Structures are given as structure tokens and as C-alpha cells.
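What follows is a single structure, written as C-alpha cells, with notes after it.
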Amino acid sequence: RLTNDPNLTVSTFFYVNQLPGVATLSQYDVVLLLMNGLFDESAALGTEVADYVALGGNVVLSSFYWQGRSDSGLGSIGWGALETIDPFASLGGATYQAVTLDANSVVAHSLTLGVTAVSSTSYSSGVSALTGTTVVASWDDGAPFIGYKILAGGQRIVGVSLFPAAGGTATGDIQAVWENALNWAGAAGGPALR
């Protein structure tokens with residue numbers, strides 16, 4: 001559905017047998033990184049995404065990214081250098097329990113514009129905020145829902161503890177969550193503008 005946002009040009013890359021390359025990533029202002037299951041190349045991909053960020057790129061991270069972190073307890077090799085700039089640590093990654101947006105936790109911000117009600121029956125939560133992270137919305141179990149870091153060069157790293165392809169497991173202002181995250185992160189400009 002992100003293709004309906006006139007501010008976003010969407011291109012999809014699935015890791016199969018080669019990395020996208022920093023040159024390819026650098027064509028974009030923002031990258032949405034997610035996974036669905038652990039894979040042995042996550043450290044190499046994470047380090048490549050961190051190299052893209054070092055050049056001025058911006059990233060939105062989502063569930064199941066945190067299940068792939070080296071601190072997830074799931075035996076993952078982690079995401080390499082990307083873990084050093086991630087806004088959230090893993091508490092096992094996405095849970096399979098129902099959570100709802102804690103409306104009292106929502107901070108007025110471009111990331112929360114139009115986000116008043118979100119519920120998820122799976123694939124969310126399971127994270128904690130790392131030092132330097134600003135959390136602008138939390139789940140009713142206390143876990144961060146949306147948070148961000150702004151790096152020294154102005155790069156924006158956004159964490160959304162929800163799976164973008166959640167389908168029927170998430171309801172509410174889901175479209176606004178993803179559009180806000182990608183538009184706000186991308187508004188910082190990518191490598192081509194730095």
C-alpha cells in the first residue's frame with residue numbers, strides 16, 4: 001500500500017544470493033529493512049546498510065529485524081555494524097501476543113501524525129529502547145512501538161516494532177505509521193544530497 005503515497009517511490013529488493021550493494025542503496029533516501037526468519041547473511045547485509053547510513057542514508061527498521069539481532073537469544077549472528085546505530089535492543093524480537101497502542105504514550109511528532117489507534121495480535125513489541133533513542137509511542141505492555149535516533153550527520157534511524165506485512169494481524173492507523181516513518185526518515189535526504 002505504500003505505493004499509494006505520492007511522496008514515496010517504492011522499490012523492492014529481496015536478499016536471495018547477493019547483497020544489494022551500497023551503490024544501489026545510495027540511490028534512495030530511506031531503506032525499510034525487515035526480515036521474516038533468521039538467515040546467515042544478516043551480518044553482511046546489516047554492515048552494508050550501516051555503510052549506506054554512513055554515507056548519509058536513513059533507515060526504518062521493523063519486526064522481525066530484532067529477532068535477528070545478536071542479543072535476541074535466538075542464536076542469530078546479528079546485523080553487524082547496523083546494531084551500533086539501532087534505536088532498539090531485542091527482548092527476543094516480535095512477540096506473538098496481542099498488544100494495543102498506549103494512547104497516553106503518544107508524543108506529538110511527525111512520526112505519530114494521525115496515529116491514534118493501533119492493535120496487533122502478533123509480530124510486534126519485543127524490544128527496549130537503547131541509549132540515545134527518543135520513543136514517541138509505546139505499546140500497552142510498555143515496549144516501545146515507534147522510536148528514533150538522529151545521528152551526527154543528521155541521518156534518521158526509525159524503529160517500528162510492528163511487521164509491515166502484518167496483514168490481518170494489525171488494525172488501526174497502520175498506513176499512517178509506515179507512511180510517517182518512511183516520509184520522516186527520508187526527509188533528511190539520502191547520500192546523493194549530502
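Summary of computed values
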{"item": "Boolean, ALA152 is hydrophobic (A, V, I, L, M, F, W, C), on the phi < 0 side of the Ramachandran plot and open to solvent by less than 50 Å² (accessible area, probe 1.4 Å)", "result": "no"}
{"item": "Within region 122-137, tally of residues that are outside any loop (DSSP other than H, G, I, E, B) and open to solvent by 20 Å² or more (accessible area, probe 1.4 Å)", "result": "4"}
{"item": "Subset of region 164-176 (residues that are surrounded by 14 or more Cβ atoms within 10 Å (Cβ to Cβ), out of contact with any Gly (no Cβ under 8 Å at 6 or more places or on another chain) and among the small types (Gly, Ala, Ser))", "result": "ALA166, ALA170, GLY172"}
{"item": "Whichever residue in region 160-192 is assigned to a helix (DSSP H, G or I) and over 16 Å from the mean Cα position of the chain (by Cα) and, among such residues, is farthest from ALA117 (Cα to Cα)", "result": "ALA192"}
{"item": "Residues within region 139-172 that are more than 19 Å from ARG69 (Cα to Cα) and out of contact with any Leu (no Cβ under 8 Å at 6 or more places or on another chain), tallied", "result": "14"}
{"item": "Of all residues making up region 24-47, the number that are farther than 21 Å from LEU162 by Cβ, touching a helix residue (DSSP H, G or I) at 6+ places or on another chain (Cβ under 6 Å) and either part of a strand (DSSP E or B) or not polar (S, T, N, Q) (or both)", "result": "3"}
{"item": "Qualifying residues in region 78-107 (those that are surrounded by 15 or more Cβ atoms within 10 Å (Cβ to Cβ) and of a type in the set (Phe, Trp, Tyr)) - the one farthest from ASP141 (Cα to Cα)", "result": "TRP79"}
{"item": "Qualifying residue in region 143-152 (condition: among the aliphatic types (A, V, I, L, M), within 13 Å of the chain's Cα centre (by Cα) and in a loop (DSSP other than H, G, I, E, B))", "result": "no"}
{"item": "Cβ pairs under 6 Å, 6+ apart, first in region 71-85 and under 8 Å from ALA43 (Cα atoms), second open to solvent by 20 Å² or more (accessible area, probe 1.4 Å) and of a type in the set (Gly, Ala, Ser)", "result": "ILE77/ALA43; GLY78/ALA43; GLY78/SER70; GLY80/ALA43"}
{"item": "Set SER119, SER161, SER110: member being open to solvent by less than 30 Å² (accessible area, probe 1.4 Å), hydroxyl-bearing (Ser, Thr, Tyr) and in contact (Cβ under 8 Å) with a residue 12 or more places away in the chain", "result": "SER161"}
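For every residue, the table says whether it meets (1) open to solvent by less than 30 Å² (accessible area, probe 1.4 Å); (2) at pLDDT below 95; (3) out of contact with any Gly (no Cβ under 7 Å at 6 or more places or on another chain); (4) under 21 Å from TRP178 (Cβ atoms).
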site	(1), (2), (3), (4)
LEU32	no, yes, yes, yes
GLU41	no, yes, yes, no
GLY57	yes, no, no, yes
SER62	yes, yes, yes, yes
TYR65	yes, yes, yes, yes
SER72	yes, yes, no, no
SER76	yes, yes, no, no
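The values are calculated or read from the model by the stated rules, or taken from the named source; none is laboratory data. Owing to the predicted nature of the structure, the values given are computational and were not obtained by experimental measurement. Glycine also receives a Cβ, built like all others from the backbone with ideal geometry; neighbour counts cover every protein chain displayed. To get the accessible areas, we keep the full protein, side chains included, count just its heavy atoms, and leave off ligands, DNA and RNA. Shrake-Rupley method; radii C 1.70, N 1.55, O 1.52, S 1.80 Å.
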